[in-house]
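Presented below is the structure to which this report refers.
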Amino acid sequence: MDITLATIIATFTALLSVTATYFISLKIRDASIIDIAWGLGFVLIALSLYLTVDPPSATQTLLMIFVSIWGARLTIHIGRRKIGKPEDWRYAQWRKDWGKNFWWMSYFRIFLLQAALMTMVASPIIISAQSTDASIGLLGYIGAMLWVFGFLFETTADWQLDSFLKQRKLGHTKQKIMTSGLWKYTRHPNYFGEVTLWWGLGLMSVSLPHGWLGVIGPLVISFIILGISMPMLERKYSGDKDFQSYAKRTSIFIPLLPRS
């Protein structure tokens, strides 16, 4: 498949996904459901391209499987956390700031922005759609192993945090900050796993035609997490003494042994 056509299909799928989510958000007055739709959007992009290409290459098939597993898990994980909860504080603040214009501003400044980011991050998936090679090269296997490592790292970190929050809710621990397991070595192990698995997908696409475009996705997701998401969370806990003590001895991103 031509790379232009693959990009058009991916963009249209992303737009369709976020627009459907937007109308649901208007109905329930909760724009933060876009966080649930984020992973699902990539699954739809991967499946739409996979079903369009005949026959799909080995790399595209593997990418489709990886993205579907990751996206489905992320959607379920965020969805379970979201059930019964009010609108996320970030979106609630925007709703307050934009007032009566929120209904249309949210579509352009939240949902369409998500669609644009989704298409850029999906660059490895788009690149894989133009390949007809039945084999997976050395870089493909290395990228696949990197994805597996990142996915297991992120999944384990999320499971450990969920278990901690459950124990705290039941009153089995008075600890405010998660500092054990993978969280002992990095303050954001879930983000580290997320970035790692996307670089794995990017590496899988590098050896394909126009493969250098496949690194756009990992670069964008790295910028979003390292430049926006992590600093936002760090600022949120800037006044918390327990977190500051934890931050002094724990790496912010790359897993390292705790400092004394």
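Dipole size of segment 117-190 about its Cα centre, with +1 on Lys/Arg Cβ and -1 on Asp/Glu Cβ: approximately 700 debye, rounded to the nearest 20. Note the angle between two axes, namely the Cα long axis of helix 112-121 and the longest principal axis of the Cα atoms of the chain, as a number of degrees from 0 to 90, rounded to the nearest 10. Once rounded, the angle reads 70 degrees.
Residue by residue, segment 226-241 carries 3J(HN,Hα) couplings of 6, x, 10, 5, 5, x, 5, 5, 4, 5, 4, 9, 4, x, 8, 5 Hz when phi is fed to the Karplus relation 6.51 cos²θ - 1.76 cosθ + 1.60 (θ = phi - 60°); x denotes Gly or Pro. Measure nothing fancy, just the Cα-based angle from helix 34-52's long axis to the longest principal axis of the chain, in degrees from 0 to 90, nearest 10. With rounding to tens, the tilt is 10 degrees. Under a model in which nothing but the beta-carbon of Lys, Arg (+1) and Asp, Glu (-1) is charged, the chain shows a dipole of about 1560 debye around its Cα centre. Taking trypsin sites (Lys or Arg not before Pro) across segment 165-224, the ones in a DSSP loop with at most 12 further Cβ atoms lying within 10 angstrom of their Cβ are K174. Cut-off under 17 Å on the C-alpha distance; same-chain residues fewer than 8 positions from K184 excluded. Which aspartates and glutamates are left, in chain and number order? Cross-link targets: E154, D158, D162, E234, D242.
When the charge dipole of the chain is built from unit charges on Cβ atoms (+1 for Lys and Arg, -1 for Asp and Glu) and taken about the Cα centre, the candidate among W199, L170, Q130 whose Cα reaches farthest toward its positive end is L170. Using the Cβ-Cβ distance between L257 and D54 with R0 = 41 Å, the FRET efficiency computed as 1/(1 + (r/R0)^6) comes to roughly 0.25.
With contributions of -39500 (n - 2.57) from each DSSP H run of at least four residues, the per-residue ellipticity at 222 nm computed over the chain stands at -22000 deg cm²/dmol. With the Cα gyration tensor of segment 121-249 giving a ≥ b ≥ c as the square roots of its eigenvalues, does the rule (a/c under 1.5 for rounded; else a/b larger than b/c for prolate; else oblate) give rounded, prolate or oblate? It comes out prolate by the Cα gyration axes.
In this structure the chain gives 53 Å² per residue of accessible area when probed at 1.4 Å with all protein chains present. Can you give me the angle between helix 189-206 and the longest principal axis of the chain, using Cα atoms only, in degrees from 0 to 90, rounded to the nearest 10? Taking the Cα atoms of the chain, the angle to 189-206 is about 10 degrees. I'd like the carbon and sulfur percentage of the solvent accessible area for segment 109-260, probe radius 1.4 Å, heavy atoms only, ligands and nucleic acids excluded. That fraction is 66 percent.
Taking the Cα centre of segment 132-260 as reference, the dipole from Cβ charges on Lys and Arg (+1) and Asp and Glu (-1) amounts to some 880 debye. Listed cross-link partners K82/K166; K169/K236; K85/K241; K174/K236; K85/K169; K85/K174 are compared with a 18 Å cut-off, the Cα-Cα value being larger for K169/K236; K85/K241; K174/K236; K85/K174.
Most tightly packed first, judged by the mean number of other beta-carbon atoms within 10 Å of their residues, the peptides 119-127, 211-219 read 119-127, 211-219. When the Cα positions of T250, G211, I69 are compared along the charge dipole of the chain, T250 comes out farthest toward the positive end, with charges on each C-beta of Lys, Arg, Asp and Glu.
The values are calculated or read from the model by the stated rules, or taken from the named source; none is laboratory data. Computed from a predicted structure; not experimentally measured. Note: ideal-geometry Cβ built from the backbone for every residue, glycine included; neighbour counts use all protein chains shown. These area figures cover heavy atoms from the full protein model, side chains too; ligands, DNA and RNA do not enter into them. Shrake-Rupley method; radii C 1.70, N 1.55, O 1.52, S 1.80 Å.
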